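The values are calculated or read from the model by the stated rules, or taken from the named source; none is laboratory data. Nothing here was measured: the structure is a model prediction, and the numbers come from that model. Glycine also receives a Cβ, built like all others from the backbone with ideal geometry; neighbour counts cover every protein chain displayed.
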Amino acid sequence: MNDESIEFEEIEGEMELVPPEIYAANLIGWAVERHASDLFISDLENSVQVAIRRLGKVEHVRRLARNYGHKLQGHLRVLAGADAGETIRPTDGRGVITTPESEVIDIRLSAIPTMYGQDITIRLFDPISGSLSIDQLGFEDVEFDEINALLHQKAGLILVAGPVASGKSSTLYASLDSLNDGTRKIHTLEDPIEHSIAGVMQTQVNLKAGLDFAELLTTVLRHSPDVIMVGEIRDERTAATAVRAGASGQLVLATIHAKTAVEAIYSMLHYGTHPQFLASSLIGVINQRLVKKLCGECKSPLDLGEIEVPERIRPRLDDTAPQVYQSTGCEGCFGDGFESLICVPEIVTINDEISAALAQQVPVNELEQVIRSKGSLSLGETLSSRIYRGVTTPYEANALVSDPHLADLLSRMRSAIDGTS
Ligand SMILES: [Zn+2]
């Protein structure tokens, strides 16, 4: 084993031989190469476990001897500026680490005491994924055009919805990137600031200092912004201020925790925003998920028999014959069968009819119907189109949303696989 390259597979409970700082740099470089989003270094009863989160799932990497694991934890805490001596209270910090390939990686570390010691979680900010442009997130052309049309409106509120880890901040950063051409004054309010963007005024929420989203948003409005990005709407004051800003000449981008576009709209109403004000401010909702994209090298076609593609999805197939694939696994995709996570959206552009229904605060089902009648695809429909185009599998799509057509595709997929084995 040399200092420059460490093999992270195999070996349990081995006494590591390299200094912890070299081990740390190698481990983080290795994790980033695999597009891991988090690294975990956790005390167990007799050892310290190293694991990563990759493509959304936790993978165990190896166990370290306790003593060595503690040195590694201590080194990472010092790097992140999180007091290495403070083991009673939770602590956090951030910093950068340089990998053996000379890549500089931003890390955010959080440590919490546990029964056997501590659990350290490190968010890894992949330098590549943070600087993706909007056409690299996995949107289809028609979706890309619709999102672009929303972003290039002069004013209004755009909500980006989805549960935790649905890629909302990648979409926001990519959106800002496309607006950041030097002709607009752009402010962001974030918690945490994940990536720095040249030319953009980025402000960190600081609850200890009493600076929450609502407080900062009110202040930022006095700074003559053209575009404001609000990390998350999670209270009444932020919701009201964001709506007001959108209605009075600013373009406001904000994330909100919701499962569908309609639910995002109703969350805003639950935060006490007036339906008519919201209707006059809101210009669009992008509800999204991250789905695993099949590896182009090894995906294999499945014969599902005669497929009746729903009418609404057909235009998305551009005359190509629908073909469903399953994952296999090859060297290029580390045996996973998948190569990355991509965005799948439900996009709702608010037109006069939707706006009128919203202003009257019609029931949820009715609003949903108005939105669908304007041709906007639900998340289930968008996922179906991705399956027919061979981008992902029925199995992955069903893990994200419940939809009768997707469920049917999954049961056909299972029968097809049983039939061939
Ligand atoms: Zn592959």
Which count do you get for residues in segment 289-305 that are within 12 Å of the ligand (Cβ to nearest atom), closer than 14 Å to I342 by Cα and of a type outside the set (K, R)?
3
Within segment 271-288, residues polar (S, T, N, Q) and either free of Cβ contacts under 8 Å to residues at least 12 places away in the same chain or touching a helix residue (DSSP H, G or I) at 6+ places or on another chain (Cβ under 6 Å) (or both) come out as T273, Q276, S280, S281, N287
Has segment 74-82 got at least one residue that is crowded, with 19+ Cβ neighbours inside 10 Å, assigned by TED's automatic domain parsing to the domain that holds H35 and assigned to a loop (DSSP other than H, G, I, E, B)?
yes
Quick check: is even one residue across segment 179-196 over 22 Å from L377 (Cβ atoms) and in a helix (DSSP H, G or I)?
yes
Among the candidates F213, F144, F125, residue that is among the aromatic types (F, W, Y), out of contact with any helix residue (DSSP H, G or I) (no Cβ under 8 Å at 6 or more places or on another chain) and on the phi < 0 side of the Ramachandran plot:
F125
Just to be sure I understand the filter: pairs with C-beta atoms under 9 Å, separated by 6 or more residues or on different chains, first member in segment 143-166 and under 23 Å from P315 (Cβ atoms), second member buried (at least 23 other Cβ atoms within 10 Å of the Cβ) and of a type in the set (F, W, Y). Which pairs pass?
E146/F139; I147/F139
Taking the conditions exactly as written (surrounded by fewer than 22 Cβ atoms within 10 Å (Cβ to Cβ) and within 16 Å of the ligand (Cβ to nearest atom)), does S280 satisfy them or not?
no
Restricting to segment 325-379, name every residue that is closer than 25 Å to N398 by Cα, outside any strand (DSSP E or B) and within 16 Å of the ligand (Cβ to nearest atom).
S327, T328, G329, C330, C333, F334, G335, D336, G337
Please identify the pairs in which a residue from segment 390-401 that is without any contact (Cβ under 8 Å) to a residue 12 or more places away in the chain and on the phi > 0 side of the Ramachandran plot has its Cβ atom under 8 Å from the Cβ atom of a residue that is surrounded by 22 or more Cβ atoms within 10 Å (Cβ to Cβ) and part of a loop (DSSP other than H, G, I, E, B), counting only partners at least 6 apart or on another chain.
none
If you go through segment 162-174 one residue at a time, do you hit one that is part of a strand (DSSP E or B) and either polar (S, T, N, Q) or within 21 Å of the chain's Cα centre (by Cα) (or both)?
no
From V391, V348, residue being under 24 Å from the mean Cα position of the chain (by Cα) and over 21 Å from L55 (Cβ atoms)
V348
